[in-house]
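Trainee: Take this structure first; my questions come after.
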Amino acid sequence: MLTVFVALSVVTGLLYPGAVTGIAKALFPSQAAGSLIVKDGKAIGSELIGQPFSDPRYFWGRLSATAPMPYNASASSGSNLGPRNAALTDAAHARIEALRAADPGNAAPVPVDLVTASGSGLDPHISPAAADYQAARVARLRGLPLARVQALVIANTDAPLLAVLGDPVVNVLKLNLALDAEPRR
């Protein structure tokens with residue numbers, strides 16, 4: 001009995017995970033390493049985990065439901081707040097007020113993904129509508145033509161998987177890095 005336990009422990013605890021990890025690193029090296037985004041030789045984030053942006057010169061992502069720090073991957077979870085929960089309503093209203101304060105001239109309806117967290121609380125993407133909502137503010141504060149910012153949004157929009165599964169999404173970190181790479185005006 002002890003021999004079977006040790007043998008299965010070695011197979012399922014060492015050999016199988018080692019083989020799967022080795023295959024993943026060989027076939028999908030970027031994904032196996034966490035889909036890290038590297039700038040100047042330093043990892044600055046992952047394509048898979050959102051980051052907090054509150055400076056109005058940047059595009060803002062979805063709210064994070066993780067605590068105590070936002071976008072804490074070790075605390076991934078939804079808020080578990082129902083649609084009638086006052087805390088959820090208050091958080092949505094506070095986010096709408098922050099968006100309106102950052103761009104007082106924008107009277108367009110605020111896209112829902114800018115005022116709600118995703119199921120994991122870590123979503124790195126926003127909808128193209130959420131990016132469009134913010135484009136004029138970002139262009140104005142950065143001194144860029146609106147058409148240039150809209151082109152960056154389009155360039156950083158990912159199509160649905162196999163062109164039919166899901167909706168187009170914009171990776172906020174990659175879009176903000178593209179903005180930072182733009183020449184200063």
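Here, each number is a calculation from the coordinates, and none is a lab measurement. All of these numbers come straight from a predicted model, not from anything done at the bench. Every residue, glycine among them, receives a Cβ derived from its backbone with ideal geometry; neighbour counts consider all protein chains shown.
Trainee: Relative to the longest principal axis of the C-alpha atoms of the chain, give the angle of the C-alpha long axis of helix 16-27, reported between 0 and 90° and rounded to the nearest 10°.
Mentor: 50 degrees
Trainee: Let me ask another. Of Ala107, Ile23, Ala67, which is farthest on the positive side of the dipole of the stretch 1-143, counting Cα position, with +1 on Lys and Arg Cβ, -1 on Asp and Glu Cβ, and the Cα centre as origin?
Mentor: Ala107
Trainee: While we're looking at this one, here's another question. Using amide H atoms built 1.01 Å from N in the peptide plane, name the residues 5+ places from Gly45, or on other chains, whose amide H lies under 5 Å from its own.
Mentor: Excluding prolines and chain starts, which carry no amide H, the hits are Ile37.
Trainee: On to the next question. So, R0 is 22 Å and r is the distance between the beta-carbons of Ser77 and Phe53; what FRET efficiency does that work out to, to 0.05?
Mentor: Efficiency at R0 = 22 Å is approximately 0.55.
Trainee: As a check on your grasp of the helix formula, calculate [θ] at 222 nm for the chain: sum -39500 (n - 2.57) over DSSP H runs of n ≥ 4, divide by the residue count, round to the nearest 500.
Mentor: So the calculated ellipticity at 222 nm is -12500 deg cm²/dmol.
Trainee: What is the percent of Cα-Cα separations in the stretch 70-148 that go past 16 Å?
Mentor: Value for the stretch 70-148: 59 percent of Cα pairs lie more than 16 Å apart.
Trainee: Report, in debye and to the nearest 20, how large the dipole of the stretch 9-109 comes out about its Cα centre when Lys and Arg carry +1 and Asp and Glu carry -1 on their Cβ.
Mentor: 100 debye
Trainee: Could you work out the percent of alpha carbon pairs in the chain separated by over 24 Å, rounded to a whole number?
Mentor: Percentage above 24 Å: 50.
Trainee: Relative to the first principal axis of the alpha-carbon coordinates of the chain, what is the inclination of helix 146-155, with its axis defined by its Cα atoms, in degrees from 0 to 90 and to the nearest 10?
Mentor: Compared with the principal axis, the helix lies near 20 degrees.
Trainee: Shape verdict for the stretch 53-109, please, from the Cα gyration tensor: rounded (a/c under 1.5), prolate (a/b greater than b/c) or oblate.
Mentor: Judged from the Cα gyration tensor, the stretch 53-109 comes out oblate (a/c at least 1.5, b/c at or above a/b).
Trainee: Excluding residues on the same chain fewer than 8 positions from Lys174, give the lysines whose Cα lies under 16 Å from its Cα.
Mentor: Lys39, Lys42
Trainee: Moving on to the next point. Under 9 Å from the Cβ of Asp103, count the other residues' Cβ atoms, weight Lys and Arg +1, Asp and Glu -1, and hand me the total.
Mentor: Cβ neighbours under 9 Å give a net charge of +3.
Trainee: Roughly how far apart, in whole Å, are the Cα centres of the stretch 13-76 and the stretch 143-175?
Mentor: Each part reduced to its Cα centre gives a spacing of 19 Å.
Trainee: With a 10 Å radius around each residue's Cβ, average the other Cβ atoms per peptide and rank 148-156, 87-95, 115-123, 8-16, highest first.
Mentor: 115-123, 148-156, 87-95, 8-16
Trainee: Go ahead and run the numbers for FRET between Asp180 and Leu27, Cβ-Cβ distance against an R0 of 35 Å, rounding to 0.05.
Mentor: Efficiency, from the Cβ-Cβ distance: 0.65.
Trainee: Among 41-47, 170-176, how do they line up from the highest to the lowest mean number of other beta-carbon atoms within 10 Å?
Mentor: 170-176, 41-47
Trainee: If you don't mind, there's one more thing I want to ask. For labels at Leu36 and Ala101 in the simple 7 Å Cα→Cβ model, what's the distance in nm?
Mentor: 3.6 nm
Trainee: Compute the length gained on full extension between Met1 and Asp167: take 0.36 nm times their separation in residues and subtract their Cα-Cα distance, giving the result in nm to one decimal.
Mentor: That pair, Met1 and Asp167, stretches by 54.6 nm at full extension.
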